[in-house]
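J.: Let me give you the structure first, and then I'll get to my questions.
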Amino acid sequence: MARGFSIIFAASVLLVILGICRASRVGICYGRNADDLPTPEKAVQLIQMHNIKYVRIYDSNIQVLKAFANTGIELMIGIPNSDLLAFSQFESNANTWLKNSILPYYPATKITYITVGAELTEAPNTTAALVVPAMQNVFTALKKAGLHRRIKVSSTHSLGVLSRSFPPSAGAFNSSHAFFLKPMLEFLAENQSPFMIDLYPYYAYRDSSTNVSLDYALFEASSEVIDPNTGLLYTNMFDAQLDAINYALMALNFKTVNIMVTETGWPSKGSPKETAATPDNAQTYNTNLIRHVINNTGTPAKPGGAVDVYVFSLFNENRKPGLESERNWGLFFPDQTSVYNLDFTGKGVVDMTAGGNNTGSNGTWCIASSSASEAELQNALSWACGSGNVDCSAIQPSQPCFEPDNLASHASFAFNSYYQQNGATDIACTFGGVGVRTNKNPSYDNCLYATTGGKKAIVNNATVGPSKSSSSSPQSSYWWTQHLLVAFPLFFLVPF
């Protein structure tokens with residue numbers, strides 16, 4: 001008996017350790033509130049091309065579910081607020097939906113989460129009251145099908161679910177939402193489902209720029225915000241927002257409920273007053289976010305903890321109402337060209353040029369000539385990485401451009417870096433006659449070749465750096481900044 005208990009105890013400890021050590025995941029939100037998007041099949045090909053393994057959609061569209069079949073991509077699907085009444089009233093409605101809309105495509109389409117409703121704190125109380133009964137009916141339907149352990153049920157929230165977010169240790173849920181939030185948290189804890197939150201530091205900065213610095217919102221602060229209650233130091237707004245949720249959950253004794261960030265991102269274009277909505281800032285935020293998450297940095301309150309994050313969003317969506325920024329959160333234009341480059345692996349050389357349609361200066365790059373001798377290439381490479389002041393760390397062992405490990409490949413990377421840094425002129429690509437210009441982008445896998453004017457960031461995975469229909473609208477997640485961030489006094493900022 002004692003031996004059996006020891007085995008069970010050891011297994012339990014192992015499961016806890018595995019949970020703590022689980023790697024964080026980065027996914028993408030695939031909204032479709034636009035009239036000029038590619039077909040779901042082409043969208044899936046684009047997602048696969050960028051090695052994205054986790055995707056959130058906002059409904060259970062059959063054509064989309066079919067497109068993800070046999071891809072191995074883990075899919076989060078959604079039940080919109082408009083359907084909550086039907087799902088909450090009768091368990092049979094959930095059974096029918098599961099039978100007709102999910103089971104025919106599962107497990108070929110790897111559905112792992114179902115979000116029931118979205119950002120209910122922005123909806124009327126009559127709608128919010130429906131969400132937990134709807135969740136329970138969906139869970140029961142899954143249980144009958146034997147899928148309740150494989151497909152988790154939850155609901156997403158904006159930061160408006162809190163009454164206070166600063167300092168993070170004072171994070172607290174708004175008591176006016178207790179009528180649906182308390183039973184929802186009990187449901188999540190009982191069924192090991194995550195608390196899903198949409199976090200947008202962009203709105204915190206846009207609406208309170210006198211109290212929140214742009215660098216702090218972009219993960220690039222040279223100062224820290226001190227939580228006066230705990231003494232913990234925060235170097236970015238994302239962690240502060242996330243820990244406010246952590247502390248709110250702990251205050252209600254829901255310490256075992258994990259948090260999943262189901263939306264976050266930065267717009268690449270905005271209205272005249274939205275000066276921070278630029279491709280450069282969007283790329284900086286999402287690049288630093290991914291690096292921060294992939295490194296399992298955790299937060300000051302939960303260092304080293306894994307957190308799954310979904311970047312909003314795959315495409316710009318032209319049918320979304322509101323300010324110009326609402327239609328410009330995408331990583332890609334509808335024609336599938338990049339708004340800006342983004343590496344989802346959290347490592348590699350990332351082109352930081354504003355505007356993602358860039359293909360180099362006049363569409364040219366500089367590479368090593370195929371007719372050059374090894375001695376010529378070695379001399380030119382040594383010069384570029386030395387006197388030429390080229391950063392050649394990306395072609396060192398274990399870095400993204402090391403493979404293929406040959407002189408021609410390494411020289412091409414160094415030649416192009418020098419060429420782009422020096423105006424992409426003819427003379428900048430001579431290298432004693434062994435450099436040639438090309439119109440074909442030589443980038444491959446995670447090795448991205450620089451373009452003119454771009455400052456490249458070498459991101460190492462081991463380095464820690466500083467209301468919706470068919471798609472989400474981040475606008476509903478920002479209103480709280482006026483109320484919750486007034487307490488961000490600048491005197492809490494201290495230099496490193």
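The values are calculated or read from the model by the stated rules, or taken from the named source; none is laboratory data. Keep in mind it's a predicted model, so treat the numbers as computed, not measured. Ideal geometry is used to build each Cβ from the backbone, glycine not excepted, and the neighbour counts take in all protein chains shown. The area values use the complete protein model at the heavy-atom level, side chains included, leaving out ligands, DNA and RNA. Shrake-Rupley method; radii C 1.70, N 1.55, O 1.52, S 1.80 Å.
J.: Enter the accessible area per residue of region 100-157 (Å², integer; probe 1.4 Å; all protein chains in place).
T.: 38
J.: Still on this structure, I have one more. Quick one: pull the percent of accessible area on region 128-197 belonging to carbon and sulfur, 1.4 Å probe, ligands and nucleic acids left out.
T.: Using a 1.4 Å probe with all protein chains present, region 128-197 comes out at 49 percent carbon and sulfur.
J.: A follow-up question, please. Out of residues 5 or more away from Ile259 or on other chains, whose amide H comes under 5 Å of its own, with H placed 1.01 Å from N in the peptide plane?
T.: Phe195
J.: Next up: In region 179-271, which trypsin sites (Lys or Arg not before Pro) fall in coil by DSSP and have 12 or fewer other Cβ atoms within 10 Å?
T.: Within region 179-271, the qualifying trypsin sites (Lys or Arg not before Pro) (loop, at most 12 other Cβ atoms within 10 Å) are Lys255.
J.: Hey, how many Å between the Cα centroid of region 59-79 and the Cα centroid of region 129-183?
T.: After rounding, the separation between the Cα centres reads 22 Å.
J.: Within region 305-321, list the residues whose amide N lies under 19 Å from a label point set 7 Å along Cα→Cβ of Met49.
T.: Flagged as within label range: 313-317.
J.: Efficiency by 1/(1 + (r/R0)^6): what FRET value for Asp335 and Thr210, r their Cβ-Cβ distance, R0 = 60 Å, to the nearest 0.05?
T.: Values: r = 39 Å, r/R0 = 0.65.
Taking R0 as 60 Å, the efficiency between Asp335 and Thr210 is 0.95.
J.: Whenever you get a sec, line up Asp391, Asp227 from highest to lowest accessible area (probe 1.4 Å, protein heavy atoms).
T.: On the way: Asp391 70, Asp227 0 Å².
Result, largest first: Asp391, Asp227.
J.: In region 57-92, which residues have a backbone nitrogen under 12 Å from the label point lying 7 Å from Lys99's Cα in the Cα-to-Cβ direction?
T.: 92
J.: Just to confirm the filter: which trypsin sites (Lys or Arg not before Pro) across region 90-152 are DSSP coil and have at most 15 other Cβ within 10 angstrom of their Cβ? Provide the component values of the computation, followed by the final result.
T.: Working: sites: Lys99, Lys110, Lys143, Lys144, Arg149, Arg150, Lys152; in loops: Arg149, Arg150.
Sparse-neighbourhood loop trypsin sites (Lys or Arg not before Pro): Arg149, Arg150.
J.: Looking at this model, which pairs from Lys152/Lys182; Lys53/Lys110; Lys53/Lys182; Lys42/Lys110; Lys269/Lys440 are more than 21 angstrom apart at the alpha-carbon?
T.: Working: Lys152/Lys182 18 Å; Lys53/Lys110 11 Å; Lys53/Lys182 32 Å; Lys42/Lys110 18 Å; Lys269/Lys440 28 Å.
Among Lys152/Lys182; Lys53/Lys110; Lys53/Lys182; Lys42/Lys110; Lys269/Lys440, the Cα-Cα distance tops 21 Å for Lys53/Lys182; Lys269/Lys440.
J.: When a/c is below 1.5 the answer is rounded, else prolate if a/b is larger than b/c, else oblate, so apply that to region 194-254 with a ≥ b ≥ c taken from the square roots of the Cα gyration tensor eigenvalues. Before the final figure, lay out the partial values.
T.: Working: a/c = 2.36, a/b = 1.45, b/c = 1.63.
Because a/c hits 1.5 or more and a/b fails to exceed b/c, region 194-254 counts as oblate.
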